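Here the structure is laid out as structure tokens; the discussion comes afterwards.
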Amino acid sequence: MLYGRAENRSASPVFDPVHYLASNPDVAQAVAQALITPWDHFEQFGGAEGRSPTPLFNQTFYLQQNPDVAQALANGQIASAAQHFAVYGQFETRIVNPAINLERYLSANPDVANAFITGLIAPLAHLLQFGVNEGRNLGNGIRLADFANDPPFSQALTNGNPAQALARAESVAPFLPAFERPAGWTPPASTPIPIDFTPPAGSNIKLVIPPK
């Protein structure tokens, strides 16, 4: 409150100030003029305006997969899907994007589920702070350990950017044969094939074209 928010530091595991400023030039301009901080903008305005707090959040997908949230938005009970995600969804083990289903993450990692039940940490916070570095199982056929030799994934972790590493996993996931995609979701035809993906040494993982 005294220093970090003015230094563009993250106030929450689900808020990425670098992503927020890059995605919102008007906010970046206001921050450059010392009119507001990124976190204060999201808290006071951005959440209600539907601005994404992290590159992991996909508003269209979130509403499609969470019809109760879509209905609450239509009824005016919440201001935006992004606000719901930041305030409620991350603690309700919601599905966040095609590669991250928090309920499945807890099912695949009983120790994390226990920590969540006892109030020690929220599932998405664990995934960002610990799970991605530990190569955890996402519970949907994707093991983050399989990205250990992938340069974009590894570089993101080296740079201290777990959200970017998970975004890389999300971009590769639809093309991995073991991936269990969410019900009712099909990768857009324009989704680029990550031909630069590097599987673990000795692995027989090969990318496939997702079925329509």
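Among the residues of the stretch 111-124, is there at least one that is part of a helix (DSSP H, G or I), in contact with a Leu (Cβ under 6 Å, 6 or more places away or on another chain) and small (Gly, Ala, Ser)? Checked the stretch 111-124: at least one residue is part of a helix (DSSP H, G or I), in contact with a Leu (Cβ under 6 Å, 6 or more places away or on another chain) and small (Gly, Ala, Ser). Please enumerate the residues belonging to the stretch 2-20 that are assigned to a helix (DSSP H, G or I) and either in contact with a Phe, Trp or Tyr (Cβ under 6 Å, 6 or more places away or on another chain) or surrounded by fewer than 18 Cβ atoms within 10 Å (Cβ to Cβ) (or both). Scanning the stretch 2-20 gives a single hit, VAL18. In the stretch 112-129, what residues are surrounded by 15 or more Cβ atoms within 10 Å (Cβ to Cβ), of a type outside the set (Val, Ile, Thr) and over 14 Å from the mean Cα position of the chain (by Cα)? Within the stretch 112-129, ALA113, ALA115, PHE116 qualify. Which number in (1) modelled with pLDDT under 95; (2) more than 26 Å from THR191 (Cα to Cα); (3) touching a Pro at 6+ places or on another chain (Cβ under 7 Å) marks the one condition that PHE116 misses? Single failed check for PHE116: (1). Annotation: PRO67 fulfils all but one of (1) under 26 Å from PHE179 (Cα atoms); (2) in contact (Cβ under 8 Å) with a residue 12 or more places away in the chain; the unmet one is (2).
Flag: ASN109 does not match the condition of being surrounded by fewer than 15 Cβ atoms within 10 Å (Cβ to Cβ), of a type outside the set (D, E, K, R) and at pLDDT 95 or above.
Out of ALA183, ALA169, ALA163, ALA173, report the one residue that is modelled with pLDDT under 95 and part of a helix (DSSP H, G or I). On inspection, the qualifying residue turns out to be ALA163. Can you find, within the stretch 186-207, the residue that is modelled with the highest pLDDT among those that are surrounded by fewer than 11 Cβ atoms within 10 Å (Cβ to Cβ) and of a type in the set (A, V, I, L, M, F, W, C)? My answer is ILE195. All conditions but one from (1) touching a residue at least 40 places away in the same chain (Cβ under 8 Å); (2) buried (at least 21 other Cβ atoms within 10 Å of the Cβ); (3) not aliphatic (A, V, I, L, M) apply to PHE61; the one that does not is (2).
The values are calculated or read from the model by the stated rules, or taken from the named source; none is laboratory data. The structure displayed is predicted, hence computed values, not measured ones. Every residue, glycine among them, receives a Cβ derived from its backbone with ideal geometry; neighbour counts consider all protein chains shown.
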